[in-house]
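The structure under discussion appears below in the form of structure tokens.
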Amino acid sequence: MKLVYLDYAATTPVAMEVAQTMAQYLTLEGNFANPASRSHRFGWQAEEAVETARMTVAKLIGASNREIVWTSGATESNNLAIKGVLEGFEAGHIITSTIEHKAILDTCAYIEGATKLGHFDVTYLEPNHEGLITAEQVQQALRPDTRLVSLMLVNNEIGNVTDIKSIAEVLKNHDALLHCDAAQGTGKLAIDVADMGVDLMSICAHKMYGPKGIGALYVRKAAEVKVYQQIHGGGHERSMRSGTLAPHQIVGFAKAAELVMANLAADIKQVAKLRDRLWLGLESLTGVQRNTHLQQCSPNHLNVSFAGVDGEILLASLAQLAISSGSACNSATVAPSYVLKALGLPDELAHAGLRFSIGRYTSEEDIDFAIAEVTRVLQALR
């Protein structure tokens with residue numbers, strides 16, 4: 001049975017070059033040591049590999065190597081950014097949105113109200129009629145005691161891109177810090193943290209052909225950007241994140257970053273072409289609604305709702321396509337997508353919303369097969 005993978009937003013396969021690089025950091029014959037072991041050459045070599053990788057990952061987003069803190073992934077980076085910043089205050093206000101990843105929403109829910117961190121209010125911005133969060137909305141929500149604004153670069157379900165640079169402009173004369181969850185944007189868009197004006201940014205490797213279990217938090221090197229560690233023990237990563245580092249994952253992240261930087265423009269062009277080919281094939285079907293913005297979106301994402309069919313049955317019937325309804329981190333629930341609901345879709349269309357996400361290894365034949373499969377299944381179900 002033919003199977004086509006179109007769930008690159010959930011995770012990407014590890015690039016062969018990345019896997020080969022990682023293999024060199026696992027066994028006795030390779031560079032396997034603990035990078036915190038400073039008493040012998042094995043440890044020095046591992047530390048050198050980690051620091052070289054730090055420079056590479058920093059270059060990917062236009063940062064300094066001293067601004068990269070290794071984490072286990074974007075979820076930990078998000079937690080560290082939000083909790084780590086707010087621990088420096090006894091009370092205050094946070095701005096986020098209703099369409100953020102659960103790693104943001106659940107963290108904000110945890111700190112909202114009176115908690116052991118202090119007393120914090122959270123404002124959840126609603127997307128506008130185009131499915132976007134705007135700088136004007138942030139401006140209107142700002143309070144004198146706003147400590148942090150946390151908004152994602154690319155929405156993980158629909159692929160819409162937030163104009164983070166404009167939001168940073170709004171915050172220029174305010175003390176609030178700006179955090180951006182860029183897990184879905186890294187490797188898909190050109191990113192320059194200095195140009196964007198962010199103070200903190202969460203990224204990870206497994207959305208860009210690197211390994212799972214490794215990510216980073218960009219922390220702008222400035223006196224006003226203070227992040228308190230949430231994992232204690234050893235004072236690693238400039239006392240922001242303790243724990244033994246995994247060189248094989250870190251060098252894998254760096255190798256994936258190298259490949260992205262070498263091919264980003266070509267990748268964006270090719271993936272966008274395939275995404276548009278897919279939409280061209282689907283939009284001719286009846287009862288189809290595009291939930292992804294036409295222009296302000298990632299080249300990899302296409303979220304579409306299909307009227308007149310049960311969402312669960314539709315997804316189950318498309319067994320030859322690896323696609324998703326909503327986020328992989330929220331797939332245990334059968335409730336309609338909270339992101340599509342926030343866009344104003346009724347339950348039926350929110351339930352029948354499918355995310356197609358395209359990547360480096362997708363072919364035109366894969367796209368044509370997906371169009372044919374969706375067409376066949378829709379006709380059968382209707």
The chain - share of DSSP beta bridges that are antiparallel (%, nearest 5): 50 percent
Run through the DSSP bridge list for region 85-171 and note the antiparallel percent, rounded to the nearest 5. 30 percent
Karplus (6.51, -1.76, 1.60) ³J(HN,Hα), θ = phi - 60°, over region 25-41, in Hz, Gly and Pro reported as x: 10, 10, 10, 4, 6, x, 9, 9, 6, 7, x, 8, 7, 9, 9, 8, 5
Starting from the Kirkwood radius over alpha-carbon pairs of region 133-251, derive D by Stokes-Einstein at 4 °C in a medium of 1.567 mPa s and give it in µm² s⁻¹. 83 µm²/s
With 20 Å bins from zero, work out the P(r) of the chain over every alpha carbon pair and list the percent per bin. 29, 55, 16, 0
Cα-based reach from K221 at 12 Å (exclusive), listing aspartates and glutamates while leaving out same-chain residues under 8 positions away: E67, D199
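Here is the link list: K2/K341; K83/K165; K226/K269; K172/K255; K83/K172; K83/K273. Which ones come out longer than 31 Å on Cα distance? Could you put the intermediate results ahead of the total?
Working: K2/K341 33 Å; K83/K165 23 Å; K226/K269 38 Å; K172/K255 35 Å; K83/K172 22 Å; K83/K273 40 Å.
Listed pairs above 31 Å: K2/K341; K226/K269; K172/K255; K83/K273.
Tell me the relative contact order for the chain as a rounded percent, counting alpha carbon contacts under 8 Å between residues six or more apart. Numbers along the way, then the final one.
Working: 767 pairs, mean separation 86.8, N = 382.
Reported as a whole number, the value is 23 percent.
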Need the list of aspartates and glutamates near K212 for cross-linking: C-alpha distance under 19 angstrom, and skip anything on the same chain fewer than eight residues off. D7, E17, E76, D181, E258
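Take the alpha carbon gyration tensor of region 66-224, find the square roots of its eigenvalues, order them as a ≥ b ≥ c, and report rounded if a/c is under 1.5; if not, report prolate when a/b exceeds b/c, else oblate. Let's see the in-between values first.
Values: a/c = 1.41, a/b = 1.19, b/c = 1.19.
Since a/c stays below 1.5, the shape of region 66-224 is classed as rounded.
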Span from the region 76-104 Cα centroid across to the region 210-225 one, whole angstrom: 14 Å
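Let me check against my output: what whole-number percent is the relative contact order of region 126-216, with C-alpha pairs under 8 Å and at least 6 apart? Display every interim value, and only then the final one.
Details: 129 pairs, mean separation 22.0, N = 91.
With pairs under 8 Å counted, the relative contact order is 24 percent.
Coordinate-derived values only; no laboratory data. For clarity, every value in this text was computed on a predicted model and none was experimentally measured.
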